[in-house]
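The values are calculated or read from the model by the stated rules, or taken from the named source; none is laboratory data. Model, not experiment: these values are computed from the prediction. With ideal geometry, Cβ positions are generated from the backbone for all residues, glycine too; neighbour counts draw on all protein chains shown. Keep in mind that these areas ignore ligands, DNA and RNA; they rest on the heavy atoms of the full protein, side chains included. Shrake-Rupley method; radii C 1.70, N 1.55, O 1.52, S 1.80 Å.
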Protein chains: 4
Amino acid sequence: MSDLDDIVAELRRFVAERDWAQFHDPKNLAMLLASEAGELVAEYRWVKSDEADARSHEPAARARIAAEVGDVGIALLLLCDRIGLDLVAAMRTKLEANRAKYPAEAWRGRA
Amino acid sequence: MSDLDDIVAELRRFVAERDWAQFHDPKNLAMLLASEAGELVAEYRWVKSDEADARSHEPAARARIAAEVGDVGIALLLLCDRIGLDLVAAMRTKLEANRAKYPAEAWRGRA
Amino acid sequence: MSDLDDIVAELRRFVAERDWAQFHDPKNLAMLLASEAGELVAEYRWVKSDEADARSHEPAARARIAAEVGDVGIALLLLCDRIGLDLVAAMRTKLEANRAKYPAEAWRGRA
Amino acid sequence: MSDLDDIVAELRRFVAERDWAQFHDPKNLAMLLASEAGELVAEYRWVKSDEADARSHEPAARARIAAEVGDVGIALLLLCDRIGLDLVAAMRTKLEANRAKYPAEAWRGRA
């Protein structure tokens with residue numbers, strides 16, 4: 001996870017230089033994540049389902065979407081770093097659970 | 001980003017085996033992300049600010065938090081993969097923008 | 001606002017009987033609202049845009065949607081009551097602002 | 001529910017004058033609600049639990065909070081009106097269910 005480690009190191013420096021760790025308790029970071037996720041949702045709220053892929057590639061929309069994705073990712077990494085959680089391990093564990101919960105044969109083509 | 005690449009590859013296989021790409025347009029994935037972020041927020045909603053760190057280490061709560069973090073991360077990677085966006089690059093670009101927007105001297109200790 | 005007043009009175013009794021006001025600071029209630037909104041979004045996340053109206057009338061989905069709408073409304077009223085804000089007045093003020101921000105002639109048919 | 005009926009009537013006129021019903025399918029309105037809830041959460045995300053009441057009464061913050069509360073309420077009413085759901089009845093039904101799920105004796109003082 002070299003690149004994630006790098007960006008976590010950069011985030012730590014960014015936070016330390018501003019003395020913001022005092023605001024970054026896990027409750028606040030969960031709220032940050034939810035508000036950033038809300039902004040990402042806003043990018044797609046007036047787009048029809050079958051136009052959402054195309055919208056994601058229009059330059060102006062794409063720049064805004066990338067900025068919101070970046071915000072969500074940063075909030076998630078800040079939270080994981082604060083509570084000492086390995087994000088990739090958490091995803092792996094959850095994916096394993098999802099494999100068991102939704103067997104491919106039973107769920108093929110069903111939402 | 002080797003480990004992220006690995007998990008993205010696993011997610012693609014998971015989705016392909018269930019023929020779920022048809023449900024994974026970017027609008028739906030943004031909604032998935034928002035609903036998973038809502039579940040993560042729920043883990044902290046009755047916890048006081050100064051108890052949120054300790055709560056994150058209680059075993060039962062930590063297992064639920066890790067599961068929600070995993071869900072949020074998976075939703076974010078699915079969205080990035082669908083629209084061809086590099087998550088780490090998006091975080092890096094946003095962090096750069098945040099450095100310019102919040103100069104350390106001016107923002108030290110201010111939320 | 002007679003009916004809203006009635007339900008606010010019932011909510012106050014519900015909270016008082018459980019001694020839950022101690023958990024209902026505005027920060028926590030905002031988180032409650034966000035998590036309930038996330039559950040409502042989850043009801044529509046795999047539904048195509050042009051199937052969302054029909055889905056809202058399927059009995060099983062409708063019962064779940066009504067339950068989530070109820071949760072969101074309750075969270076919103078709890079927050080308004082806690083901070084002494086008149087919900088209907090807040091909506092009226094915002095609608096007035098939206099009328100000025102989005103003049104009908106300029107915005108007809110544009111999202 | 002006279003005042004809610006009034007504002008729903010005003011919202012219908014607002015939407016009709018802009019020909020926006022075409023964008024207001026229930027999926028999109030659920031997304032609108034989630035994004036507005038995210039903006040409300042953002043108002044409290046850097047506030048400590050025991051400062052959240054006071055913050056709600058600071059004039060500048062209060063104006064922003066009222067605007068976000070208004071947005072959330074409008075989104076909720078637009079959704080209810082679109083799918084023909086009685087918001088007050090939905091809250092009442094849910095409150096009844098919560099009374100059964102959380103008996104006062106068993107839940108007094110427990111979050």
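At-a-glance table
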quantity	calculated
Distance between the range A:29-45 and the range B:34-53 - C-alpha centres, whole angstrom	15 Å
Derived scalar couplings ³J(HN,Hα) [the range A:79-96; Karplus, 6.51 cos²θ - 1.76 cosθ + 1.60; whole Hz; x for Gly, Pro]	5, 4, 5, 4, 9, x, 10, 8, 4, 5, 5, 5, 5, 4, 4, 5, 5, 4
Accessible carbon and sulfur surface of the range B:44-111 relative to its total accessible area, %, 1.4 Å	54 percent
Amide N of the range B:65-93 lying under 13 Å from the label point, which is placed 7 angstrom from the Cα of B:Ala21 along Cα→Cβ	B:81-84
Interface size D-C, as summed buried accessible area [1.4 Å probe, Å², nearest 100]	6000 Å²
The protein assembly as shown - Debye-derived log10 I(q)/I(0), Cα point model, q = 0.07 Å⁻¹	-0.33
Nm distances between copies for B:Glu17, ranked from closest, using label points 7 Å along Cα→Cβ	4.4, 4.8, 5.6
Angle between chain A longest axis and helix A:26-44 axis [Cα atoms, degrees, rounded to 10]	40 degrees
Average beta-carbon neighbours from other chains, 10 Å sphere, peptide D:3-11	4
Axis-proximal residue, chain A, for the rotation superposing A on B (Cβ, Å)	A:Ala37, 2
24 Å tail of the calculated P(r), chain D, as % of Cα pairs	45 percent
Inter-copy separations for D:Asp86, label at 7 Å along Cα-Cβ, nm, ascending	2.5, 5.5, 5.7
Proximal lysines relative to C:Lys48, as straight alpha-carbon distance under 20 Å, when same-chain residues fewer than 8 apart are discounted	A:Lys48, B:Lys27, D:Lys27
Chain A: calculated mean residue ellipticity at 222 nm from DSSP helix runs of at least 4, using -39500 (n - 2.57)	-24500 deg cm²/dmol
Accessible solvent surface per residue of chain D, calculated while the other protein chains remain in place, 1.4 angstrom probe, Å²	42 Å²
Karplus (6.51, -1.76, 1.60) ³J(HN,Hα), θ = phi - 60°, over the range C:98-111, in Hz, Gly and Pro reported as x	5, 4, 6, 6, 10, x, 4, 5, 6, 10, 4, x, 10, 6
Shortest-first nm distances, A:Arg99 label point to equivalent points in other copies (7 Å, Cα→Cβ)	3.9, 4.9, 5.9
³J(HN,Hα) computed for each position of the range D:10-25 - Karplus, 6.51 cos²θ - 1.76 cosθ + 1.60, integer Hz, glycine/proline x	5, 5, 4, 5, 4, 5, 5, 4, 9, 6, 9, 4, 4, 8, 9, 5
Cut-off of 10 Å, at most 16 other beta carbons, DSSP loop: longest stretch of chain D lacking such trypsin sites (Lys or Arg not before Pro)	D:1-107
Relative contact order (%) - criterion: Cα under 8 Å, at least six apart; region: chain B	34 percent
